[in-house]
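K.L.:
Handing you this structure, nothing more for now.
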Amino acid sequence: MKKIAIIGSGGAGKSTLARDLSEKLAIDVFHLDALFWQPNWVLTSREKQREIQMQLVTKEQWIIDGNYGGTLDIRLSAADTIIFLDLHRIICIYRAVKRVIQYWNRTRPDMAEGCNERFDWIFFKWIWDFPKAKRPEIVKKLADLSTEKNVIVLTTLKEVKEFLNSIA
């Protein structure tokens, strides 16, 4: 595992897993939320997102967490390991609410400076709809890649913990 893409719903724990893996494997982590957002929640252009991604995946080692469907194929193509956090939406909603409370009106560590945490109905609706709106496409992509990549699907918090514990 030298080039690791971590994907999943908002609130699934992508950034936390990325940080934990980074510590265990001594590989730099890149949070797409921190790279793609500008102050006051201004999203960079799709072209700039692709440019950032193309630069990141040329590195010898990396852990990249985030979804961003417009650049997902760049990461999946370049990764040797893809980790899909396929946790139940109730867990994801709970964690997203917890994160809002924890970082209210402050910037969380995996987000771009100037993007203070806030409650956003559109984001919560995206999390709720993820299993039907986004998951099927991701599952299909991962099935297509499973013969050439190390694809790891973690569906429970216990599986995530066991996976982390299995890393030397």
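K.L.:
Look at segment 150-168 and say how many of its residues are surrounded by 11 or more Cβ atoms within 10 Å (Cβ to Cβ) and either hydrophobic (A, V, I, L, M, F, W, C) or not in a helix (DSSP H, G or I) (or both).
P.N.:
Of segment 150-168, the ones surrounded by 11 or more Cβ atoms within 10 Å (Cβ to Cβ) are 150-157, 159-164, 167.
Restricting the remaining residues to those that are either hydrophobic (A, V, I, L, M, F, W, C) or not in a helix (DSSP H, G or I) (or both) gives 150-157, 160, 163-164, 167.
The total comes to 12.
Here's the yes/no breakdown for (1) of a type in the set (Gly, Ala, Ser); (2) in contact (Cβ under 8 Å) with a residue 24 or more places away in the chain:
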{"site": "ASN105", "(1), (2)": "no, no"}
{"site": "MET111", "(1), (2)": "no, yes"}
{"site": "GLY114", "(1), (2)": "yes, yes"}
{"site": "PHE123", "(1), (2)": "no, yes"}
{"site": "ILE127", "(1), (2)": "no, yes"}
{"site": "PHE130", "(1), (2)": "no, yes"}
{"site": "LYS134", "(1), (2)": "no, yes"}
{"site": "SER146", "(1), (2)": "yes, no"}
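K.L.:
Could you figure out which of (1) surrounded by fewer than 16 Cβ atoms within 10 Å (Cβ to Cβ); (2) touching a Leu at 6+ places or on another chain (Cβ under 8 Å) isn't true of SER77?
P.N.:
(2)
K.L.:
Additional query: Out of all the residues in segment 42-57, is one or more hydrophobic (A, V, I, L, M, F, W, C) and over 22 Å from LYS141 (Cβ atoms)? Explain how you work it out, then say what you get.
P.N.:
Here is the first cut: in segment 42-57, the residues hydrophobic (A, V, I, L, M, F, W, C) are 42-43, 52, 54, 56-57.
Subsequent filtering for residues that are over 22 Å from LYS141 (Cβ atoms) retains 42-43.
Yes: one or more hits.
K.L.:
To continue, here is another question. Output the residues belonging to segment 106-131 that are surrounded by 16 or more Cβ atoms within 10 Å (Cβ to Cβ), modelled with pLDDT of 95 or more and basic (Lys, Arg).
P.N.:
Of everything in segment 106-131, nothing turns out to be surrounded by 16 or more Cβ atoms within 10 Å (Cβ to Cβ), modelled with pLDDT of 95 or more and basic (Lys, Arg).
K.L.:
Run down ILE82, ILE91 and say which single residue is surrounded by fewer than 19 Cβ atoms within 10 Å (Cβ to Cβ) and within 17 Å of SER9 (Cα to Cα).
P.N.:
On the way: ILE82 fails: surrounded by fewer than 19 Cβ atoms within 10 Å (Cβ to Cβ).
That would be ILE91, the only listed residue that is surrounded by fewer than 19 Cβ atoms within 10 Å (Cβ to Cβ) and within 17 Å of SER9 (Cα to Cα).
K.L.:
Okay, moving on. Picking from GLU60, GLU113, which residue would you name as being in a loop (DSSP other than H, G, I, E, B), of a type in the set (Asp, Glu), in contact with a Pro (Cβ under 8 Å, 6 or more places away or on another chain) and over 14 Å from ALA5 (Cβ atoms)?
P.N.:
Matching residue, one of GLU60, GLU113: GLU113.
K.L.:
Within segment 132-149, is there a residue that is closer than 20 Å to THR16 by Cα and crowded, with 16+ Cβ neighbours inside 10 Å?
P.N.:
no
K.L.:
Any idea which of (1) in a helix (DSSP H, G or I); (2) open to solvent by 30 Å² or more (accessible area, probe 1.4 Å) is the one GLY69 doesn't satisfy?
P.N.:
(1)
K.L.:
Still on this structure, I have one more. Could you please tell me which pairs satisfy a Cβ distance under 9 Å, a separation of 6+ or placement on different chains, a first residue in segment 7-18 that is in contact (Cβ under 8 Å) with a residue 12 or more places away in the chain and among the aromatic types (Phe, Trp, Tyr), and a second residue that is open to solvent by 10 Å² or more (accessible area, probe 1.4 Å) and not in a helix (DSSP H, G or I)?
P.N.:
That search, which allows pairs on different chains as well, returns nothing.
K.L.:
Going through ILE127, ILE167, ILE138, ILE122 one at a time, which residue ends up being farther than 23 Å from THR44 by Cβ and not hydroxyl-bearing (Ser, Thr, Tyr)?
P.N.:
ILE167
K.L.:
While we're on this one: Restricting to segment 20-47, and then to whatever is assigned to a helix (DSSP H, G or I) and without any contact (Cβ under 8 Å) to a residue 60 or more places away in the chain, can you tell me which residue is nearest to TRP62 (Cα to Cα)?
P.N.:
SER22
K.L.:
Kindly list the number of the only condition in (1) in contact with a strand residue (DSSP E or B) (Cβ under 7 Å, 6 or more places away or on another chain); (2) surrounded by fewer than 18 Cβ atoms within 10 Å (Cβ to Cβ) that fails for LYS2.
P.N.:
Of (1) in contact with a strand residue (DSSP E or B) (Cβ under 7 Å, 6 or more places away or on another chain); (2) surrounded by fewer than 18 Cβ atoms within 10 Å (Cβ to Cβ), only one is false for LYS2: (1).
K.L.:
Across segment 19-57, what is the total count of residues that are open to solvent by less than 20 Å² (accessible area, probe 1.4 Å) and under 21 Å from PHE123 (Cα atoms)?
P.N.:
4
The values are calculated or read from the model by the stated rules, or taken from the named source; none is laboratory data. Note that the structure is a prediction, hence the values are computed from the model and not measured. Quick reminder, even Gly has a Cβ in these numbers, built from the backbone with ideal geometry, and neighbours come from all protein chains shown. Quick note on the areas: whole protein, heavy atoms, side chains included, nothing else; ligands and nucleic acids left out. Shrake-Rupley method; radii C 1.70, N 1.55, O 1.52, S 1.80 Å.
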